[in-house]
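A quick write-up on the structure given underneath.
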Amino acid sequence: MSNPSVPVSRRRFCAGVCQAASGATFATIFSACDGGSSPTGPSAMASQLGTVSGRLAGSTVQVTVAGSALADVGGAVLVESNAGVFLVSRGGESAFTAVEAVCTHEGCTVNGAAGDMYVCPCHRSRYNRAGKVVNGPATANLRQYSSSFANGVVTISL
């Protein structure tokens with residue numbers, strides 16, 4: 001405890017002020033890193049999507065549905081292929097959506113999901129299943145690709 005009647009030296013006062021300012025600065029930085037309740041923060045933590053391989057066939061990428069999250073309506077996966085990486089989701093019995101998995105903010109591979117949102121692991125941009133930006137810092141939508149479904153295989157047209 002300090003005695004209010006004893007004067008504090010200038011050096012001790014400045015050191016105390018610097019320590020307090022440093023503590024406040026670190027608290028601000030760390031609260032920003034944990035995301036807080038920001039819509040782009042991890043308050044609703046994203047889970048990493050399952051990854052499946054896509055087969056390049058001419059100007060298409062083919063993805064087998066069986067054995068992946070795409071087997072169920074509402075499922076989504078990250079598809080890796082020689083033609084690039086894609087996010088594919090199943091919206092109905094034979095309705096699939098395919099978008100490019102490269103974040104439009106700084107080019108990171110979007111590989112996470114929180115509910116029906118895709119989440120970029122680098123800066124937490126969020127996109128809906130159609131690839132539209134919901135929360136930044138990204139400002140441009142993900143590129144969409146047409147897709148078709150037959151015989152248990154989703155075909156993404158490039």
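Observations, loosely collected:
- Backbone N atoms of segment 123-158 closer than 15 Å to the 7 Å Cα→Cβ label point of A57 belong to residues 147-158.
- Potential lengthening between Q144 and A71 on full extension [0.36 nm per residue; Cα-Cα distance subtracted]: 24.2 nm
- Two-site label geometry, A130 and V85: point separation in nm, points 7 Å out along Cα→Cβ: 2.5
- Per-residue HN-Hα couplings for segment 57-66 [Karplus 6.51, -1.76, 1.60; θ = phi - 60°; Hz; x = Gly/Pro]: 9, x, 9, 9, 10, 10, 10, 7, 7, 4
- Rounded to the nearest 20 debye, dipole of segment 44-157 from Cβ charges on Lys, Arg, Asp, Glu: 140
- Fraction in percent of alpha-carbon pairs per bin - 10 Å, segment 44-157: 16, 51, 29, 4
- Considering only alpha-carbon pairs that sit under 8 angstrom and 6 or more positions apart, the relative contact order computed for segment 44-157 is 24 percent.
Taken together, the values in this text are just the output of simple stated rules run on the coordinates, not laboratory data. These numbers come from a predicted model, not from an experiment. Virtual Cβ from ideal backbone geometry, glycine too; neighbours counted across all protein chains shown.
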